[in-house]
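Laboratory data are not the source of any read-out in this text; all were calculated from the coordinates shown. Quick caveat, the model's predicted, so the values are computed rather than measured. Ideal geometry is used to build each Cβ from the backbone, glycine not excepted, and the neighbour counts take in all protein chains shown.
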Amino acid sequence: MNSEEIVRLCKQHTMYTWNKGDAVNPIPIDRADGIYMYTTDGHKLMDFNSQLMSVQVGHNHPKVREAIKKQVDQLTYVFPASATAVRARVGKLLADITPGNINTFFFTLSGAESNENAIKAARLYTGRFKILSRYRSYHGATNACMQLTGDPRRLANEPGTPGFVKVFDPWPYHYSFGKTDAEITEQNLRYLEEVIMYEGPDQIAAMFIESVTGTNGILAPPAGYLKGLRELLNKYGILLVCDEVMAGFGRTGKLFAFEHGDIVPDIVCMAKGLTSSYIPLGAMGVSDPIAAHFRENVFWGGLTYNSHPMGLAAAEAAITALLDEKLIENAAKLESVMREEMDGLKERHVSVREGRCIGLFGMVDLQKNSKGERMAPYNGSHPAMKKFHKALLDNGLFTFVRWGSFMCNPPLCITEEELREGYAIIDKCLAITDEAFEG
């Protein structure tokens, strides 16, 4: 099939996420290798977003491909109550590399399923029902996870299951808790403790956070926040659940983003980078006390594809490649390069408001005037952003453009030269948003 026919049939017979079927304009991708994708027409695109911030080891990695092929020849599927060698190896591998006392894992097929099961585990373990989460969070598109989520995609999915309480992040969209990290941390945690008081500490099972807020800003927590949050939740017997679906597996320059705060959560949820998205797999990791509880009490959760051998084989190879090839260290090293490039964009372009990054996890916000008003409002759009996005694609760079911002999340195997090449394309295309700057 040619590109036109592929797009036509995909739009006619399949549904796309977060979009009207008639409005979507999908890119016909034929193959991918390293940090590049190739359309069916032969157009080469630098993947500056690792697809959904997930292809950590790059596309078409030979060791991951070979592991999947080997597993096909051995065992493609077996029911979840069985034991397999690959399940044993990956469980042990995750226990070895995950910090602290998180040594037991429940395997799923996605980050949303991992978070759904973490909700169940927290409620069953504590005997409490309410769950705290934050307004700038995204935790998945399943029923409960949509209510766990704070961003605007939640609104069309309401009303949902009860028991979810939203709170402000340390970084609200407009409001500020203070000027310094210390002020912001102190004020946000003081506010959070009051919410806990109102909701009833003995009613709250857990608080879910993205260790670094992902889609809704790439927002690393202020200094001291994670430790302060951990202490506050411990005070009331509330579990801390870190959603590491997007930030985990090296994206921030450490294996897990919560390590930057020198804490260990009670539960950690993962997916995406777990297999570099070669095959669907997620996992919920639980601390030893929670694991001990479920050795003596039923965990009321189950999936047909729990501990799927194909996904586990991909995970084993992807994690091994991540560690052996020192891609986490590469992400940490290239953070300064990304920071330098973002600062350069701000110096050269009036439409650049701010750039943020931690490791190779970055976002740039654009502005429409010297007052710093965002190029597009919260949950809104601007014609210049659509033109800018098209220009990036036309010039060979793929990334996500959302509202008045764009993502900078390349595969962790990217080199400094390639990273700078990506920013050179962005630099060129920002002339479009500069033209829309109102002065």
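Put a plus charge on the Cβ of each Lys and Arg, a minus charge on the Cβ of each Asp and Glu, and nothing anywhere else: the dipole of the chain about its Cα centre is then about 760 debye.
Along the axis of the charge dipole computed for segment 63-324 (Cβ charges of +1 for Lys and Arg, -1 for Asp and Glu, origin at the Cα centre), the listed residues 220, 300, 290 are led at the positive end by 300. Amide hydrogen proximity for residue 376: with H placed 1.01 Å from N in the peptide plane, the residues at 5 or more positions away or on another chain lying under 5 Å are 404. With a ≥ b ≥ c taken as the square roots of the eigenvalues of the C-alpha gyration tensor of segment 234-292, please select rounded if a/c is under 1.5 and otherwise prolate if a/b is larger than b/c or oblate if it is not? It comes out oblate by the Cα gyration axes. In straight Cα distance, which lysines are under 22 Å from residue 368, not counting same-chain residues fewer than 8 positions off? Within the straight-line cut-off, residue 368 pairs with 346, 386, 387, 390, 428. Here each label is just a point 7 Å from Cα along the line to Cβ, and for residue 304 and residue 292 those points are 3.8 nm apart. Overall shape: oblate for the chain, with the ratio a/c of the largest to smallest alpha carbon gyration tensor axis at 1.5 or above and b/c at least equal to a/b. Among 219-227, 302-310, the peptide with the highest mean count of other Cβ atoms within 10 Å heads the list, and the full ranking is 219-227, 302-310.
Seen from every direction in turn and averaged, the convex hull around the alpha carbons of segment 1-157 projects onto 13.4 nm².
Taking Rh as the Kirkwood radius computed over C-alpha pairs, what is the Stokes-Einstein D of segment 63-324 at 37 °C in a medium of viscosity 0.692 mPa s, expressed in µm² per second? Once the numbers are plugged in, D ends up at 175 µm²/s.
The packing ranking of peptides 368-376, 347-355, 276-284, highest mean first, is 276-284, 347-355, 368-376, where packing means the average number of other beta carbon atoms within 10 angstrom of each residue. Lys-Lys pairs in segment 63-324 that are eight or more residues apart or on separate chains and whose Cα atoms lie under 24 Å of each other come to 24. Along segment 127-140 the Karplus relation, 6.51 cos²θ - 1.76 cosθ + 1.60 evaluated at θ = phi - 60°, assigns HN-Hα couplings of x, 10, 10, 6, 10, 8, 8, 10, 5, 9, 9, 9, 10, x Hz to successive residues, with x for each Gly and Pro.
Let a ≥ b ≥ c be the square roots of the eigenvalues of the Cα gyration tensor of segment 305-385; is it rounded (a/c under 1.5), or, if not, prolate (a/b larger than b/c) or oblate?
Note, shape of segment 305-385 comes out oblate.
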